[in-house]
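The values are calculated or read from the model by the stated rules, or taken from the named source; none is laboratory data. For clarity, every value in this text was computed on a predicted model and none was experimentally measured. Here Cβ is always computed from backbone atoms with ideal geometry, including for glycine, and neighbour counts include all displayed protein chains. To get the accessible areas, we keep the full protein, side chains included, count just its heavy atoms, and leave off ligands, DNA and RNA. Shrake-Rupley method; radii C 1.70, N 1.55, O 1.52, S 1.80 Å.
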Amino acid sequence: MTAAGTPIAVITGASSGIGAATARQLAAAGYRVVLTARRKDRIEALAAEINDAGHQATAYALDVTDRAAVDEFATAFRTLAVLVNNAGGALGADPVATGDPEDWRRMYEVNVLGTLHMTQALLPALTAGGDGTVVVLSSTAGHSTYEGGAGYVAAKNGARVLAETLRLEIVGTPVRVIEIAPGMVKTDEFATTRFRGDTDKAAKVYAGVAEPLTADDVADTITWACTRPPHVNIDLLVVRPRAQASNTKVHREL
């Protein structure tokens with residue numbers, strides 16, 4: 001998975017939403033993108049779309065919570081320019097008193113341990129490339145809590161702290177660590193997955209909000225941060241729609 005003279009970017013969770021949008025934008029910016037996700041058909045279709053547009057893309061089915069599979073995937077890279085740790089998500093919105101521990105475990109495994117697996121496995125290639133970039137997609141949930149969100153907030157806090165600590169630990173190496181923390185983003189799957197397919201509950205998340213962020217909005221910030229000169233590190237970029245002042249303060253026109 002190398003291409004002489006072409007920087008390579010690996011994007012996790014690339015089968016939909018922010019991951020897919022980021023793959024399209026990084027490919028257009030000149031990267032050869034490697035798309036990873038569990039849904040092989042989705043990433044293969046996206047890779048074909050990107051290649052048909054005249055860019056470069058490869059699909060690789062991968063579960064970021066499977067460390068052995070991640071380690072095998074990493075052997076394909078001698079050098080790497082960008083790793084976008086996008087795979088993640090929320091499950092449930094129950095209070096702490098009645099939350100399902102299995103939901104909490106799954107969110108931690110994907111959002112935190114998945115990011116850890118990918119970062120550990122690919123850090124040598126990112127370092128060998130001479131100008132590596134690790135992107136961690138956290139969330140405004142990782143910076144401020146809200147009722148019904150404790151499990152997701154805890155997981156995204158874990159991702160945030162991973163990024164902050166890694167930046168301290170590898171300072172002096174040719175790898176920068178960027179955290180992108182989106183607020184309210186309306187995608188096809190995030191809220192629907194959180195509420196286990198309940199489209200009515202999912203719709204209420206965005207009810208009355210004229211313009212929540214889109215996947216392309218977030219992908220634009222990721223691409224911008226990755227394409228800054230190598231000496232410029234965007235430690236943290238928080239991006240929200242204008243209608244959202246905080247996790248609990250949203251203007252709704254109902």
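Quick one: W224 ticks every box in (1) over 23 Å from W104 (Cβ atoms); (2) open to solvent by less than 80 Å² (accessible area, probe 1.4 Å); (3) within 20 Å of the chain's Cα centre (by Cα); (4) aromatic (F, W, Y) except a single one, so which number is it?
It fails just one condition, (2).
Being within 27 Å of V185 (Cβ to Cβ) and either of a type in the set (A, V, I, L, M, F, W, C) or open to solvent by 70 Å² or more (accessible area, probe 1.4 Å) (or both) narrows it down to one residue among A47, A69; which is it?
On the way: A69 fails: within 27 Å of V185 (Cβ to Cβ).
Answer to the check: A47.
Among the residues of segment 18-27, count how many are free of Cβ contacts under 8 Å to residues at least 40 places away in the same chain and open to solvent by 10 Å² or more (accessible area, probe 1.4 Å).
Count: 0.
Can you list residue pairs whose Cβ atoms sit under 6 Å apart, with the first residue in segment 103-119 being under 23 Å from E72 (Cβ atoms) and the second being surrounded by fewer than 19 Cβ atoms within 10 Å (Cβ to Cβ) and charged (D, E, K, R)? Count only pairs 6 or more apart in sequence or on different chains.
H117/R67
Based on this model, can you work out whether L237 counts as modelled with pLDDT of 95 or more, assigned to a strand (DSSP E or B) and open to solvent by 20 Å² or more (accessible area, probe 1.4 Å)?
Taking the combined requirement at face value, the residue satisfies it.
Could we say that G114 is closer than 16 Å to V177 by Cβ and modelled with pLDDT of 95 or more here? Give the steps one after another, and end with the answer.
Details: closer than 16 Å to V177 by Cβ: no; modelled with pLDDT of 95 or more: yes.
No.
Name the single residue that is nearest to the chain's Cα centre (by Cα) among those in segment 130-189 being surrounded by fewer than 24 Cβ atoms within 10 Å (Cβ to Cβ), of a type in the set (S, T, Y) and part of a loop (DSSP other than H, G, I, E, B).
Result: T187.
Being more than 16 Å from G172 (Cβ to Cβ), out of contact with any Cys (no Cβ under 7 Å at 6 or more places or on another chain) and in contact (Cβ under 8 Å) with a residue 40 or more places away in the chain is the filter here, so list the residues in segment 130-142 that pass it.
The answer is V136, L137, S138, S139, T140, A141.
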